[in-house]
Amino acid sequence: MMFRNSNGLSIIVTDDHRNIIQNYNSRDKKWQGIRTVKTKDLKNNHFFLRAPLSDSTGRKAIYSDDQVRLLAWVAAEGYFFAHRNVKEKRGVGLVQSKSHNPGYVAEIDDLLQRLGGHFNRKESSKKTRKDTMVWWQFRKPLWSFIHEALPEKRVTMDLVSRLTIPQISIFLETFGKGDGSFIKSGGCVIGQKSIETLNTLQAMAVLSGKSSKLYRDWE
């Protein structure tokens, strides 16, 4: 069965699919409790929830909000590298321009301090380049956590399943700072080579109730 409306909702579901709905009581002028209804039992006064709410999904936080911010920064602007005399790329680093984004550099500095200060930091020399770049390289408490959550620096649906709905919004906003550009309308345009990452970000947008569209450069 297919449902469409003028607000852009378009879904195809089976008769036994459990839809999350909510009713509005016009007498009390209040929304009633959230519940699930099979497609075949839907009525005209049932309103689809466009995005899961934290209290209806029942998700409990696995990561702290600051850990989610770190994962988003690394996913967008980070890199994996091999330590000296080690073939495996266990090291994790992050780079940001202090000349172009001093606010982001300060934000990352504060974030890493809140997460325990497990990092080494260096800045580029003015003798070698005009703009100032900042590099952070993480010590084991951080890089081991990052490898577990972002295998091969991939943003996966497994990660999405571990985040609460508010944390998904935090991830998207932080990722946009690192690998996107914010536009006047309040939205954000993100460019990525990885289709997997783009598809996962698209799913995050849907889950957090944000309108989004995925474009490919060959379209």
Name the residues in the range 169-196 that are surrounded by 12 or more Cβ atoms within 10 Å (Cβ to Cβ) and polar (S, T, N, Q), would you? SER169, THR174, GLN192, SER194
Close pairs from the range 39-54: first modelled with pLDDT of 85 or more, partner open to solvent by 50 Å² or more (accessible area, probe 1.4 Å), Cβ under 6 Å, at least 6 apart: THR39/MET1; THR39/ASP15; THR39/HIS17; LYS40/ASP15
Residue that is open to solvent by 60 Å² or more (accessible area, probe 1.4 Å) and either of a type in the set (Phe, Trp, Tyr) or out of contact with any strand residue (DSSP E or B) (no Cβ under 6 Å at 6 or more places or on another chain) (or both), where the choices are ARG121, ARG154: ARG154
Scan the range 48-67 and give yes if some residue there is among the acidic types (Asp, Glu) and over 28 Å from PRO151 (Cα atoms), otherwise no. yes
Looking only at the range 68-83, decide whether some residue is at pLDDT below 85 and over 19 Å from the mean Cα position of the chain (by Cα). yes
Given the structure, is LEU112 modelled with pLDDT of 85 or more, in contact with a Phe, Trp or Tyr (Cβ under 8 Å, 6 or more places away or on another chain) and either open to solvent by less than 50 Å² (accessible area, probe 1.4 Å) or acidic (Asp, Glu) (or both)? yes
Any residue at all in the range 117-130 that is closer than 30 Å to ALA203 by Cα, in contact with a Leu (Cβ under 9 Å, 6 or more places away or on another chain) and modelled with pLDDT of 95 or more? no
Restricting to the range 157-168, name every residue that is crowded, with 20+ Cβ neighbours inside 10 Å and closer than 15 Å to LEU198 by Cα. LEU159, ILE168
Mind listing whichever residues of the range 126-146 are surrounded by fewer than 16 Cβ atoms within 10 Å (Cβ to Cβ), assigned to a helix (DSSP H, G or I) and not basic (Lys, Arg)? PRO141, SER144
Of the residues in the range 95-112, those that are polar (S, T, N, Q) and either more than 20 Å from LYS130 (Cβ to Cβ) or outside any loop (DSSP other than H, G, I, E, B) (or both) number 2
For the range 197-219, which residues satisfy the criterion of being touching a residue at least 24 places away in the same chain (Cβ under 8 Å), open to solvent by 60 Å² or more (accessible area, probe 1.4 Å) and in a loop (DSSP other than H, G, I, E, B)? LYS210, SER211
Among the numbered criteria (1) farther than 29 Å from VAL206 by Cα; (2) within 22 Å of the chain's Cα centre (by Cα), which one does VAL189 miss? (1)
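The values are calculated or read from the model by the stated rules, or taken from the named source; none is laboratory data. What you see is a predicted model; the values in this text were computed from it and never measured. In this analysis, Cβ positions are derived from the backbone assuming ideal geometry, glycine residues included, and neighbour counts consider all displayed protein chains. Accessible surface areas use protein heavy atoms only, side chains included; no ligands, DNA or RNA. Shrake-Rupley method; radii C 1.70, N 1.55, O 1.52, S 1.80 Å.
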